[in-house]
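Visitor: Could you have a look at this structure, given as structure tokens, before my questions?
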Amino acid sequence: MTTSLRKRVSAALGILALGAATALVAVTPAHAEPGNIDPDIPRSLTVHKYALGPSSPQDIGTGQELATPPAGTPLAGAVFTASLVADVDLSTPEGWSTAANLTPATAAGRLSTTSFASTPSAPGTGIATFPADMPIGLYLVTETTLPEEATNPSAPFLVTLPFPTGPTGAPANEWIYDVHVYPKNAVTDVTKTRVPAPANSAEARNPDLIRWAIASAIPTLAAGDSIEVFDLADTIPAQLEYVTAPPTGVAPTNVVVTSAAGLPQTFTEGADYNLVTEGSTLTLEFTSTGLTRLTGLQGGVVSFNVLTRAIAIPADGRIVNTATGTINGSSETVVGVTPIGQLTVFAFEGPANDRNALAGAIYQVFLTEEDAIRGINPITVDGISQWTSGADGYVEIPIVTPGNYWVREMTPPAGFQPPSPDRVFTQVVAGETSTTPPIQNYVEFTHSQVPAWALPLTGGDGARWFGIGGGALLATMLGAALILSRRRAAAARVSA
């Protein structure tokens with residue numbers, strides 16, 4: 001083989017075989033020999049399977065094992081098939097010339113019946129190996145089984161056994177008999193988390209609302225690949241329901257797309273994506289227009305922010321919600337968990353060992369003590385912002401996100417004074433109310449009757465006042481009689 005032909009063949013096969021590999025510092029090949037190809041030297045082909053990411057190097061590989069593993073996550077479960085390309089005799093210059101002018105697409109049309117399957121790539125290392133002593137020749141290697149998290153198969157590639165280092169290799173002009181390749185997959189990366197409401201916001205004042213963020217990285221694809229499917233689906237449990245008309249001041253379910261640099265992009269429902277409801281599942285589906293835009297935003301993030309309302313409390317106080325991301329040929333299911341609680345208030349009067357339940361006490365709950373004092377911005381649960389104790393003295397605020405709250409009695413039961421203090425700080429935790437140790441999610445207010453006021457007096461006091469009144473009347477009568485007698489005596493003297 002001439003030097004120019006050797007250089008051309010080496011460059012072509014290096015690009016075709018190892019275009020997705022990382023050209024880091026390589027160790028000296030275990031079987032690198034100068035001179036002619038030696039058919040007696042054992043040959044091997046090892047695949048190192050990694051996830052493709054924005055930081056993955058795209059340099060040409062060398063066929064040698066890397067001294068330092070490439071950056072990225074090893075992927076398990078990938079299986080490759082190496083098919084021998086027919087009529088390529090690497091013992092002749094013509095065979096190398098033919099190999100140099102083939103591409104994976106053209107080679108796929110001239111495969112022999114000889115093929116070999118690799119072992120599945122191993123967990124933790126991503127290494128897959130082919131049978132030892134495969135025949136000398138040109139092979140088309142395709143990924144026939146993808147790792148679970150992979151969205152696209154790695155691009156098919158050509159590789160020769162043995163593989164030339166070429167005139168610029170290290171070492172130069174030698175044959176590598178133990179060939180290592182580093183193809184990569186685009187992968188899904190889906191997460192699901194509870195999004196806390198901003199402090200003292202309208203959403204926080206609706207503590208039965210639960211917002212979920214289903215986020216997925218926009219995968220980094222091999223050159224020429226595109227995103228053909230991008231769906232994010234939220235399947236809610238029986239303890240939740242979707243909120244289609246949120247309260248005033250609360251943002252609805254929405255979609256946020258950012259670029260790899262974190263810059264928000266404008267995606268429009270109906271044009272770039274659709275929201276499809278089927279039973280208990282709400283799915284974000286990107287249209288062909290949206291998919292084209294996502295392909296240009298590789299390395300960015302799609303966040304599907306779903307607003308739900310809790311309508312029941314599981315026994316352990318934890319709501320479990322699942323989501324599935326489907327990107328091209330890969331699906332990934334993730335789980336989000338959030339605590340939920342409730343709050344019970346008891347109104348009563350009497351000593352601890354002889355309590356009498358009181359109906360008619362009206363309560364509101366606040367996020368801050370200042371709001372409780374001023375009686376503004378109470379929390380609302382499913383449209384209700386105040387609760388009244390029943391005949392048993394209890395009132396249940398059914399669904400409350402765990403956190404700190406102030407409970408205030410706004411109106412006491414009829415005939416009773418407002419409690420002192422009229423507000424109580426409490427902490428809601430996950431789970432239902434317990435009134436026995438350990439007591440949780442429970443507050444109580446004790447009451448006293450309104451004070452008695454003066455009434456008309458009767459009995460001994462009444463007789464005394466009656467006697468006093470009668471004596472005064474008698475004195476008045478005696479005085480009048482005395483005056484009358486004196487007037488008569490004076491008249492008699494005048495007439496005499």
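Visitor: Could you please give the count of residues in the stretch 128-139 that are surrounded by 14 or more Cβ atoms within 10 Å (Cβ to Cβ) and either in contact with a His (Cβ under 7 Å, 6 or more places away or on another chain) or not in a strand (DSSP E or B) (or both)?
Guide: Going residue by residue through the stretch 128-139, those that are surrounded by 14 or more Cβ atoms within 10 Å (Cβ to Cβ) are 128-130, 134, 136-139.
Checking which are either in contact with a His (Cβ under 7 Å, 6 or more places away or on another chain) or not in a strand (DSSP E or B) (or both) leaves us with 130, 134, 136.
Counting residues in the stretch 128-139 that are surrounded by 14 or more Cβ atoms within 10 Å (Cβ to Cβ) and either in contact with a His (Cβ under 7 Å, 6 or more places away or on another chain) or not in a strand (DSSP E or B) (or both) gives 3.
Visitor: Suppose we keep only residues that are of a type outside the set (A, V, I, L, M, F, W, C) and buried (at least 18 other Cβ atoms within 10 Å of the Cβ) within the stretch 183-196. Which one would you say is farthest from Gln386 (Cα to Cα)? Write out each step before concluding.
Guide: We begin by selecting, within the stretch 183-196, every residue of a type outside the set (A, V, I, L, M, F, W, C); these are 183-185, 188-189, 191-194, 196.
If we keep only those that are buried (at least 18 other Cβ atoms within 10 Å of the Cβ) too, we end up with 183-185, 188-189, 192.
Details: Pro183: 62, Lys184: 58, Asn185: 55, Thr188: 46, Asp189: 43, Lys192: 33 Å.
So the residue we want is Pro183.
Visitor: Condition first: touching a helix residue (DSSP H, G or I) at 6+ places or on another chain (Cβ under 7 Å) and surrounded by fewer than 17 Cβ atoms within 10 Å (Cβ to Cβ). Now tell me which residues in the stretch 269-280 satisfy that.
Guide: First, the residues of the stretch 269-280 that are touching a helix residue (DSSP H, G or I) at 6+ places or on another chain (Cβ under 7 Å): 271-273.
Of everything in the stretch 269-280, just one residue is touching a helix residue (DSSP H, G or I) at 6+ places or on another chain (Cβ under 7 Å) and surrounded by fewer than 17 Cβ atoms within 10 Å (Cβ to Cβ), namely Ala271.
Visitor: Quick one: Gln265 ticks every box in (1) touching a residue at least 40 places away in the same chain (Cβ under 8 Å); (2) in contact with a Lys or Arg (Cβ under 9 Å, 6 or more places away or on another chain) except a single one, so which number is it?
Guide: So the condition that Gln265 fails would be (1).
Visitor: So, of the residues in the stretch 281-318 that are charged (D, E, K, R) and modelled with pLDDT of 95 or more, which turns out to be surrounded by the fewest Cβ atoms within 10 Å (Cβ to Cβ)?
Guide: Restricting attention to the stretch 281-318, the residues satisfying the condition of being charged (D, E, K, R) are 285, 293, 309, 316, 318.
Cutting the leftovers down to modelled with pLDDT of 95 or more gives us 285, 293, 309, 318.
Numbers: Glu285: 16, Arg293: 19, Arg309: 18, Arg318: 14.
Among residues in the stretch 281-318 that are charged (D, E, K, R) and modelled with pLDDT of 95 or more, the one surrounded by the fewest Cβ atoms within 10 Å (Cβ to Cβ) is Arg318.
Visitor: Here's something else I'd like to know. Filter the stretch 220-254 down to the residues that are surrounded by fewer than 17 Cβ atoms within 10 Å (Cβ to Cβ) and of a type in the set (Val, Ile, Thr) and list them by number.
Guide: The initial filter retains those residues of the stretch 220-254 that are surrounded by fewer than 17 Cβ atoms within 10 Å (Cβ to Cβ), namely 223-224, 226, 228-229, 235, 237-238, 241-242, 244-245, 247-249, 251-252, 254.
Listed by number, the residues that qualify are Val229, Thr235, Thr244, Thr248.
Visitor: Ok, one more. Mind checking which pairs have a first residue in the stretch 357-384 that is in a helix (DSSP H, G or I) and a second that is polar (S, T, N, Q), Cβ under 9 Å, 6 or more apart or different chains?
Guide: Note: pairs meeting the criteria are Asp371/Asn200; Asp371/Asn377; Ala372/Gln364.
Visitor: So, one more: Which one is surrounded by the most Cβ atoms within 10 Å (Cβ to Cβ) among residues in the stretch 106-127 that are among the hydrophobic types (A, V, I, L, M, F, W, C) and in contact (Cβ under 8 Å) with a residue 40 or more places away in the chain?
Guide: Taking the stretch 106-127 as the starting set, the residues that turn out to be among the hydrophobic types (A, V, I, L, M, F, W, C) are 107-108, 111, 116-117, 122, 127.
Okay, now just the ones that are also in contact (Cβ under 8 Å) with a residue 40 or more places away in the chain, so 107-108, 122, 127.
Working: Ala107: 22, Ala108: 14, Ala122: 16, Ile127: 18.
Among them, the one singled out is Ala107.
Visitor: Let me confirm something: among Thr125, Thr191, which residue is at negative phi, part of a loop (DSSP other than H, G, I, E, B) and among the hydroxyl-bearing types (Ser, Thr, Tyr)?
Guide: Testing whether each residue is at negative phi, part of a loop (DSSP other than H, G, I, E, B) and among the hydroxyl-bearing types (Ser, Thr, Tyr) leaves just Thr125.
Visitor: Right, here's the next one. Among the residues of the stretch 197-234, which ones are in contact with a Gly (Cβ under 8 Å, 6 or more places away or on another chain), of a type in the set (S, T, N, Q) and farther than 30 Å from Ser385 by Cα?
Guide: Scanning the stretch 197-234 gives Ser216, Thr220.
Visitor: Now a separate question. Condition first: charged (D, E, K, R), free of Cβ contacts under 8 Å to residues at least 60 places away in the same chain and at negative phi. Can you find one or more residues in the stretch 149-164 that meet it? So that I can check it myself, show each step before the final result.
Guide: Taking the stretch 149-164 as the starting set, the residues that turn out to be charged (D, E, K, R) are 149.
Narrowing the set further to residues that are free of Cβ contacts under 8 Å to residues at least 60 places away in the same chain leaves none.
For the stretch 149-164, residues charged (D, E, K, R), free of Cβ contacts under 8 Å to residues at least 60 places away in the same chain and at negative phi: absent.
Visitor: Taking the stretch 329-356 only, how many residues are of a type in the set (Gly, Ala, Ser), surrounded by fewer than 18 Cβ atoms within 10 Å (Cβ to Cβ) and assigned to a strand (DSSP E or B)?
Guide: Going residue by residue through the stretch 329-356, those that are of a type in the set (Gly, Ala, Ser) are 329-331, 336, 341, 347, 350, 352.
This time we only want the ones that are surrounded by fewer than 18 Cβ atoms within 10 Å (Cβ to Cβ), so: 329, 331, 350, 352.
Pick out the ones that are also assigned to a strand (DSSP E or B) and you get 331.
The number of residues fulfilling the criteria is 1.
Visitor: Where the second residue is part of a loop (DSSP other than H, G, I, E, B) and modelled with pLDDT of 65 or more and the first is among the aromatic types (Phe, Trp, Tyr) and lies in the stretch 29-57, which pairs have Cβ atoms under 7 Å and are six or more apart or on separate chains?
Guide: Hits for this filter: Tyr50/Pro70; Tyr50/Gly72; Tyr50/Thr73; Tyr50/Leu75; Tyr50/Gly126; Tyr50/Tyr182.
Visitor: Okay, next question. Of all residues in the stretch 106-137, how many are more than 29 Å from Ala71 (Cα to Cα) and of a type outside the set (Asp, Glu)?
Guide: Restricting attention to the stretch 106-137, the residues satisfying the condition of being more than 29 Å from Ala71 (Cα to Cα) are 106-115, 133-137.
Pick out the ones that are also of a type outside the set (Asp, Glu) and you get 106-115, 134-137.
Residues flagged as more than 29 Å from Ala71 (Cα to Cα) and of a type outside the set (Asp, Glu) within the stretch 106-137 amount to 14.
Visitor: Just give me the residues in the stretch 160-216 being at pLDDT 90 or above, of a type in the set (Phe, Trp, Tyr) and under 23 Å from Ile327 (Cβ atoms), in sequence order.
Guide: Correct list: Trp212 only.
Visitor: If you don't mind, another one. Being without any contact (Cβ under 8 Å) to a residue 60 or more places away in the chain and of a type in the set (A, V, I, L, M) is the filter here; which residues of the stretch 224-262 pass it? Explain how you work it out, then say what you get.
Guide: Taking the stretch 224-262 as the starting set, the residues that turn out to be without any contact (Cβ under 8 Å) to a residue 60 or more places away in the chain are 244-245, 248-259, 261-262.
Matches in the stretch 224-262: Ala245, Val250, Ala251, Val255, Val256, Val257, Ala261.
Visitor: So, in the stretch 76-122, exactly how many residues are in contact with a strand residue (DSSP E or B) (Cβ under 6 Å, 6 or more places away or on another chain), assigned to a loop (DSSP other than H, G, I, E, B) and among the β-branched types (Val, Ile, Thr)?
Guide: The number of residues fulfilling the criteria is 2.
Visitor: All but one of (1) under 23 Å from Val302 (Cα atoms); (2) of a type in the set (A, V, I, L, M); (3) modelled with pLDDT of 95 or more; (4) part of a loop (DSSP other than H, G, I, E, B) hold for Val255; which doesn't?
Guide: The single condition Val255 does not satisfy is (4).
Visitor: For the stretch 211-252, how many residues meet the condition of being β-branched (Val, Ile, Thr), outside any loop (DSSP other than H, G, I, E, B) and out of contact with any Ser or Thr (no Cβ under 6 Å at 6 or more places or on another chain)?
Guide: So in the stretch 211-252, the residues β-branched (Val, Ile, Thr) come out as 214, 218, 220, 227, 229, 235-236, 243-244, 248, 250.
Right, trim to outside any loop (DSSP other than H, G, I, E, B) and you get 214, 235.
Still in the list and also out of contact with any Ser or Thr (no Cβ under 6 Å at 6 or more places or on another chain): 214.
Residues meeting the conditions: 1.
Visitor: Ok, one more. Return the total of residues in the stretch 156-182 being within 16 Å of Ala128 (Cα to Cα) and outside any strand (DSSP E or B).
Guide: From the stretch 156-182, those within 16 Å of Ala128 (Cα to Cα) are 156-157, 159, 178-182; that's our starting set.
Applying the additional criterion that residues be outside any strand (DSSP E or B) yields 156, 182.
Summing the residues that are within 16 Å of Ala128 (Cα to Cα) and outside any strand (DSSP E or B) in the stretch 156-182 gives 2.
Visitor: Right, something else. When you go through (1) within 32 Å of the chain's Cα centre (by Cα); (2) surrounded by fewer than 19 Cβ atoms within 10 Å (Cβ to Cβ) one by one for Gln364, which number turns out not to apply?
Guide: (2)
The values are calculated or read from the model by the stated rules, or taken from the named source; none is laboratory data. The structure displayed is predicted, hence computed values, not measured ones. Every residue, glycine among them, receives a Cβ derived from its backbone with ideal geometry; neighbour counts consider all protein chains shown.
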